[in-house]
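*Asks:* Okay, handing you the structure first.
Computed from the coordinates by the stated procedures, all read-outs in this text should not be read as laboratory data. On a predicted model such as this, the values are computed, not experimentally measured, just so you know. Every residue, glycine as well, gets a Cβ built from its backbone with ideal geometry; the counts of neighbours run over all protein chains shown.
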Amino acid sequence: MAPIADSVALKPAPTKRGRGYWGSVLLRLRRDPVAMVALAVILLIVLAAVFAPWIAPADPFKGSMIRRLRPIGTPGYLLGSDELGRDMLSRLLYGGRLSLFLGVMPVILAFGIGSTIGIVAGYLGGWINTVTMRTIDVFFAFPSVLLAIALSGALGAGILNSIVSLTVVFVPQIARVAESVTTQIRTRDYVEAARISGASGFTIVRVHVLGNVLGPIFVYATSLISVSMILASGLSFLGLGVRPPEPEWGLMLNTLRTAIYNQPLVAALPGVMIFLTSISFNLFSDGLRSAMEVRQ
Amino acid sequence: MLLYILKRIVYVAPVALGVSLVCFMLVHLAPGDPLTAIMPVDATAEQQSEMRTIYGFDRPLPVQFGLWLGKVLTGDLGVSIATGRPVLGEVARAVKNSLILAAVATLIGFALGSFFGFVAGYFRNSVMDRLASAISVLGVSVPHYWLGMVMVIIFSAQLNWLPPTGAGPGGSADWRPDFEHLRYIILPAITMSVIPMGIIARTVRALVADILSQEFVQALRAKGLGEWGVFKHVVTNAAPTALAVMGLQLGYLLGGSILIETVFAWPGAGFLLNAAIFQRDLPLLQGTILVLAMFFVSLNLIVDVAQTALDPRIQRA
């Protein structure tokens, strides 16, 4: 066995230039059927939300008091109607706009703010690092759901407030990952070499630190989108996010709670959308992580 | 060991102080004065400023924080604006109910999660492994408030097997371990157990796979130890980490139970928090969050110490 294994390992190095790290990550990702299906579902949901005004069969705000809570498959109401007689399909399509925005926006903001804080703290080290990381520890002392609800509850309901609360929840988490990766890279020989050869702190951060740190933080951030979607819709579900009559999956789920005895299937639909989106982001993030795990 | 515990407590103290600062600031984050919510609309400016002096809101923030912290340390969390009762009593009762629910949910989640995790870790890449991985992904991706609704739809609305809401018959506010109350805890506990189940299954699978690939397992097998004997070694090695994850999950569930408690109208801390938010009962909001966060901090400390005590490999630095 051993000689064969050796001969495999000793294959001559390819003469042409490889496709690079990100190219190989992309290739591995493309060969992962689960991640690809998840990505397709995400794209489909995003496209449906973006093009909702063109593809929705009805006005998501226009209700009818005599056509309330129609079952799935009613002519003219493909997915039934809600407690105010509004077309469910149209509301689910439109609902994706706010739900996706509220779920993804906090992660993007937290990615920007959290990685800046983490990289600066990790690169500078010393007392700045200690103070920053101890402050972050305080936020880790709150379970994320509790912190999100507490902040939203104190700030009051609303789209902006719910984005602010969720961003505050995710910034410490991303900052901690960014700090730990940066601290590891800061002590590497090539950073030392760059510093000795006269590179400024800014150049080192831009070339060596960012180049190596952004990948892991990005993967971590994608894994947060799933949580963020569930939390954002959860805030609206509690009445702390989007206000009626705006279509949003969490809020729709809340207002349809009264219908669980008459139209259980219709009442459960908004949750199916949240579930589908959240699981797709989770599976895609898992695929991305395993595609990035093996270097070279 | 005692020295280690002392060190951990010293380390936790500033975190606890920070947590109380965040809880204190929550009230001041709210738009306007914390008093606007409770003052009658026709109160004159004079009456308002008098009220402000009574509650101490006219003093500088650091002074207010100091006074508040002093009261908190003696167990005085203020008085609920909505009910006029001391916050501590309200919170203690609600937390007890939450704790019961979270503990049952954690136990169910731990039992099922470790089972799936063990099977998946033992039979890597088998059908069971795929199934266990699927279950753990489902567990962490499902919006649990929706799952709660689905459970109510299936088991209460359709099958009429279990009560949909409440902690006991006749709107019982306290949970007791008898048959009637037991029926009420089943749905919320199972719903809640899905989250720790997914996370524990994932952790245990990784742990078992890692342990089985280590050389000492090969050595155990080589010296003729049966599968059962090897299994016992795997359990002893996986237990400290798995138990630590379980402990932390209990804390997450206690703090994150608000959505599930709202769906099932469970009279716990989450339900109380919800009421406090919508009645703008700021002392109650502040007190509930403080108690839950402090509980989480203490739980972290306990888990940390217990893990060190259980696992001789961890250095007591």
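*Asks:* Say each of B:Leu162 and A:Ile66 gets a label point 7 Å from the Cα, pointing the same way as Cα to Cβ; how far apart are those two points in nm?
*Replies:* 4.2
*Asks:* Would you kindly state how much longer the chain becomes between B:Ile302 and B:Asp58 on full extension, computed as 0.36 nm times their sequence separation minus their alpha carbon distance, in nm to one decimal?
*Replies:* Going from the current span to full extension adds 83.9 nm.
*Asks:* Sum -39500 (n - 2.57) across every DSSP H segment of at least 4 residues in chain A, then divide by the residue count to get the 222 nm mean residue ellipticity, nearest 500.
*Replies:* Counting only the DSSP helices, I get -23500 deg cm²/dmol.
*Asks:* When the Karplus curve 6.51 cos²θ - 1.76 cosθ + 1.60 is applied with θ = phi - 60°, which whole-Hz ³J(HN,Hα) does each residue of the range A:276-292 get, with x for Gly and Pro?
*Replies:* These are the phi-based 3J(HN,Hα) values: 4, 5, 5, 5, 5, 5, 4, 5, 5, 5, 4, x, 4, 5, 6, 5, 8 Hz.
*Asks:* With only alpha-carbon pairs counted, each pair once and no self-pairs, how large is the Kirkwood hydrodynamic radius of chain A in angstroms?
*Replies:* Its Kirkwood hydrodynamic radius stands at 21.8 Å.
*Asks:* A further question on this structure: Between B:Ser126 and B:Ile9, with labels modelled 7 Å along Cα→Cβ, what's the label distance in nm to one decimal, could you check?
*Replies:* It is 4.8 nm.
*Asks:* Mind listing the long-range amide H neighbours of B:Val79? Cut-off is under 5 Å, sequence gap 5 or more, other chains count too, H placed in the peptide plane at 1.01 Å from N.
*Replies:* So B:Val79 has HN proximity to B:Val87.
*Asks:* If you don't mind, there's one more thing I want to ask. Collect residues whose amide H, placed 1.01 Å from N in the peptide plane, falls under 5 Å from the amide H of A:Ser81; neighbours closer than 5 in sequence don't count.
*Replies:* Counting only residues 5 or more places away or on other chains, the set is A:Leu69, A:Arg70, A:Met88.
*Asks:* Let me ask another. Once you order the gyration tensor axes a ≥ b ≥ c over the Cα atoms, which shape class does chain B get: rounded for a/c under 1.5, otherwise prolate or oblate by comparing a/b with b/c?
*Replies:* Note, shape of chain B comes out oblate.
*Asks:* Follow-up question, since we're still on this one. Please give the helix B:61-73 orientation as an angle from the longest Cα principal axis of chain B, in degrees from 0 to 90, rounded to the nearest 10.
*Replies:* Computed tilt is about 60 degrees.
*Asks:* Enumerate the calculated ³J(HN,Hα) couplings along the range A:64-74 in order (Karplus 6.51 cos²θ - 1.76 cosθ + 1.60, θ = phi - 60°), each rounded to whole Hz, writing x wherever the residue is Gly or Pro.
*Replies:* Calculated HN-Hα couplings, in order: 8, 5, 8, 10, 7, 6, 6, x, 4, x, 5 Hz.
*Asks:* How far, in degrees from 0 to 90, does helix A:144-155 lean away from the longest principal axis of the Cα atoms of chain A, to the nearest 10?
*Replies:* In chain A, helix A:144-155 runs at an angle near 60 degrees to the longest axis.
*Asks:* Okay, moving on. Please report the relative contact order for the range A:58-142, taking Cα pairs under 8 Å with a sequence separation of at least 6, and give it as a percent rounded to a whole number.
*Replies:* Once normalised by length, the contact order is 18 percent.
*Asks:* What is the spin-label model distance, in nm, from A:Asp189 to A:Ile113 if the labels are put 7 Å beyond Cα along the C-beta direction?
*Replies:* Those two pseudo-labels are separated by 4.0 nm.
*Asks:* In whole Hz, with x marking every Gly and Pro, tabulate ³J(HN,Hα) for the range A:134-142 from phi via Karplus 6.51 cos²θ - 1.76 cosθ + 1.60, θ = phi - 60°.
*Replies:* 5, 4, 5, 4, 4, 6, 6, 6, 9
*Asks:* Quick one: grab the alpha carbon gyration tensor of the range B:60-219, order the square roots of its eigenvalues as a ≥ b ≥ c, and give me rounded if a/c is under 1.5, else prolate or oblate depending on whether a/b is larger than b/c.
*Replies:* Details: a/c = 2.90, a/b = 1.52, b/c = 1.90.
Note, shape of the range B:60-219 comes out oblate.
*Asks:* Rounded to the nearest 0.05, what FRET efficiency do B:His28 and B:Met1 have when you use their Cβ-Cβ distance and R0 = 56 Å?
*Replies:* Numbers: r = 41 Å, r/R0 = 0.74.
The formula returns an efficiency of 0.85 here.
*Asks:* Going by alpha carbons, how many degrees (0 to 90, nearest 10) lie between the helix axis of B:2-29 and the longest principal axis of chain B?
*Replies:* Approximately 40 degrees, to the nearest 10.
*Asks:* Is the shape of the protein assembly as shown best called rounded, prolate or oblate, per the rule: a/c under 1.5 gives rounded, else a/b larger than b/c gives prolate, else oblate, with a ≥ b ≥ c the square roots of the Cα gyration tensor eigenvalues?
*Replies:* Because its axes are fairly even, with a/c under 1.5, the protein assembly as shown counts as rounded.
*Asks:* Under 16 Å from a label point 7 Å along Cα→Cβ of B:Ala92: give me every residue in the range B:268-309 with its amide N that close.
*Replies:* B:269, B:287-288, B:291-292, B:295
*Asks:* Can you check how the C-alpha radius of gyration of the range A:23-173 compares to 2.2 N^0.38 Å, as a plain ratio?
*Replies:* 1.44
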